[in-house]
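Worksheet: one structure, shown below.
The values are calculated or read from the model by the stated rules, or taken from the named source; none is laboratory data. Source: prediction; values computed, not measured. A quick note on method: Cβ atoms are made from the backbone with ideal geometry, for glycine too, and the neighbour counts reach across all protein chains shown. Side chains included, ligands, DNA and RNA excluded: accessible areas come from the protein's heavy atoms. Shrake-Rupley method; radii C 1.70, N 1.55, O 1.52, S 1.80 Å.
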Amino acid sequence: MTIIIGLTGGIATGKTTISNFLKKKKYSVHDSDAIVKKMYASPSAGFIKHLKNNGFLSSIKGTKINKKLIRDAIFNNKQKKRKLEDYIHNEVRRSRNEFLKKHKQKKTKVVILDIPLLFEAKLEHVCDYIILLYLPKKTKILRALNRKGMKKDILLKILKNQKRDSYKKKKASYVINTSKTKKHSFKMILKAIGNIINSNA
């Protein structure tokens, strides 16, 4: 049996750092953010067509997409946001299903699904266990604002679209506070995965 672990957390909680660490440790990780980044970096004809048909023409130059223009547009237009998210979620779902099928056939012991909006997308049922990366709100905001190009008004809108930490904590199997050192976070994630494997031995 393949154990499916969902890895999630709000903005700036360290998901990318943890995912990269787990990949180096030879865990099989499906990274939703990486799939989306690839969609924007090397857009398919279908994605370009979808953007053009849904009012994002000004964000496209040839096969280059200005993600910032899209981000600004969707936070001021709920309909555009929903249509774009539906398209992206379908592409990510297709990739995730292929990933799971492959590893179940290979009988991989553990796979990690890195899904930033796991609770928001109601994907709890896909996972056997969920590990939540958590940061106190003030720390989360400070870290996020240190990111290149991040503005406070955009950040507040992003946070508004995410479930409350109190809700996520109740639903998660394990909660890891990533406000300490990377070394501590790495130790805690390996401990959580180890506990999950041992409980299924």
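Structure notes:
Residues checked against (1) surrounded by 14 or more Cβ atoms within 10 Å (Cβ to Cβ); (2) modelled with pLDDT of 85 or more:
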| position | (1), (2) |
| --- | --- |
| 128 | yes, yes |
| 138 | no, yes |
| 160 | no, no |
| 164 | no, yes |
| 175 | yes, yes |
| 194 | no, yes |
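- Checking the stated criteria, residue 121 turns out to be of a type in the set (A, V, I, L, M), without any contact (Cβ under 8 Å) to a residue 40 or more places away in the chain and surrounded by 12 or more Cβ atoms within 10 Å (Cβ to Cβ).
- The helices (runs of 4 or more DSSP H) found entirely in segment 113-201 that carry 1 or more residues being over 19 Å from the mean Cα position of the chain (by Cα) and of a type in the set (A, V, I, L, M, F, W, C) are 137-145, 182-199.
- Segment 63-102 - residue that is aliphatic (A, V, I, L, M) and open to solvent by less than 70 Å² (accessible area, probe 1.4 Å) and, of those, farthest from residue 41 (Cα to Cα): 100
- Among the residues making up segment 49-93, those that are under 22 Å from the mean Cα position of the chain (by Cα), among the aliphatic types (A, V, I, L, M) and assigned to a helix (DSSP H, G or I) are 51, 69, 70, 73, 74, 84, 88, 92.
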